[in-house]
Every structure is written in C-alpha cells, then in structure tokens.
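Please read the structure below before turning to the comments.
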Amino acid sequence: MRPIRAACLGTATTLVALLAGAPVATAATDTDSAHAKGGDRVITVIGHLKQQSRFPVNPGGPAAQGDRTVVRSRLYDKDERKKVGWTHGTCTTTLAKENGGVEECVVTYVLPGGQLTVQGLVFGILTKGVPTIPPPSFDNAITGGTGKFDRARGWVHADTIGTGKRQFTIHLER
C-alpha cells in the first residue's frame with residue numbers, strides 16, 4: 001500500500017443493525033497510538049451508534065439486493081471519556097442470502113483537522129434472512145482524506161463490543 005504524507009486517523013464501516021465508528025481526535029492520536037511495522041500508526045477508538053435508518057427494497061419482505069442502511073455514530077477515545085469525532089455512512093446490500101449476505105459500505109469520519117474516508121465489503125450480514133446480531137467483524141480500506149489526512153492509506157478493523165457499540169482499530173500506513 002502507499003505511504004501517507006500526513007498524520008492520519010481511522011476508518012470503519014457499518015452494516016444493518018450495527019454502528020459505524022469513526023476515528024480520532026487529538027487525545028486519541030498520540031496517546032492511544034502504538035507503533036507497528038515500519039513506523040505505521042495504530043489508533044483505537046470506540047463508536048456509539050446515534051442514528052440508523054433502513055431503506056429496504058421490499059418493505060416487510062425478505063432482505064434483498066439494493067437494501068440500504070444509513071448510519072451516524074459518535075466516536076470516543078478508547079477509554080470512552082473524550083468525544084473525538086463522528087462517522088457518517090451508507091451500506092448497500094449486494095448479496096442477500098439467508099445465511100451470509102454481503103454489504104458494500106462507504107463511511108466518512110469527521111475528525112479534528114479533516115475527514116477520512118473508508119470503503120469495503122462486510123460479509124455475513126444475514127442469519128436466517130435477518131440481520132446478524134451482533135454484526136460480524138470486518139476490515140475495510142482507508143481510501144483517502146482531507147486536510148491533515150490528505151493522501152491517507154491503510155485499513156480499519158471493526159469489532160462489536162456491545163449493543164450499538166464498536167471498537168475500531170485504525171491502521172495508518174506511513
């Protein structure tokens with residue numbers, strides 16, 4: 001992957017019945033970071049789902065290709081003491097099957113100093129035709145950013161850690 005030319009923060013994505021989380025602010029950048037291979041930065045933030053709307057193709061019917069979910073989450077530092085940003089995102093079902101399913105998600109993180117964009121697939125979104133609870137873990141790509149996140153690259157790993165709550169581990173490549 002390409003190196004980043006500015007300090008960057010996280011990403012994450014969402015799916016039906018989950019939340020999207022978004023990266024960090026000043027407190028989470030240096031304090032919560034650890035260094036991985038070759039000077040890459042790892043940042044952990046917690047996302048709390050604040051709003052989620054579903055737009056099914058077949059209202060009242062089974063999940064279908066084209067179903068959309070729109071989410072907004074508040075981001076906190078890993079200790080959940082300080083608000084560090086927001087996420088705003090959409091997920092579209094691309095494969096609806098009773099056990100499995102796939103969504104394509106695009107999420108923007110609004111952070112101090114700029115925005116960070118993340119995109120990718122989330123697998124295993126359906127169990128017996130309904131949203132999987134808790135939602136599955138996933139990895140999505142950081143595709144860019146603005147301001148101090150200009151030219152950001154890396155990936156975000158997301159894990160559900162409670163109802164409407166996800167931990168996002170942001171891997172920024174240098």
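Values quoted throughout were computed directly from the atomic coordinates according to the rules given, and no laboratory measurement underlies them. These numbers come from a predicted model, not from an experiment. Every residue, glycine as well, gets a Cβ built from its backbone with ideal geometry; the counts of neighbours run over all protein chains shown.
Below are the figures for this structure:
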| quantity | calculated |
| --- | --- |
| Matching residues, the stretch 155-174, being of a type outside the set (Val, Ile, Thr) and closer than 19 Å to Asp77 by Cβ | His157, Ala158, Asp159, Gly162, Gly164, Lys165, Arg166, Gln167, Phe168, His171, Leu172 |
| Elements of type strands (runs of 3 or more DSSP E) contained in the stretch 97-170, each with 2 or more residues being of a type in the set (Gly, Ala, Ser) and surrounded by fewer than 16 Cβ atoms within 10 Å (Cβ to Cβ) | none |
| Some residue of the stretch 66-78 being farther than 30 Å from Ile43 by Cα and either over 19 Å from the mean Cα position of the chain (by Cα) or not in a loop (DSSP other than H, G, I, E, B) (or both) | yes |
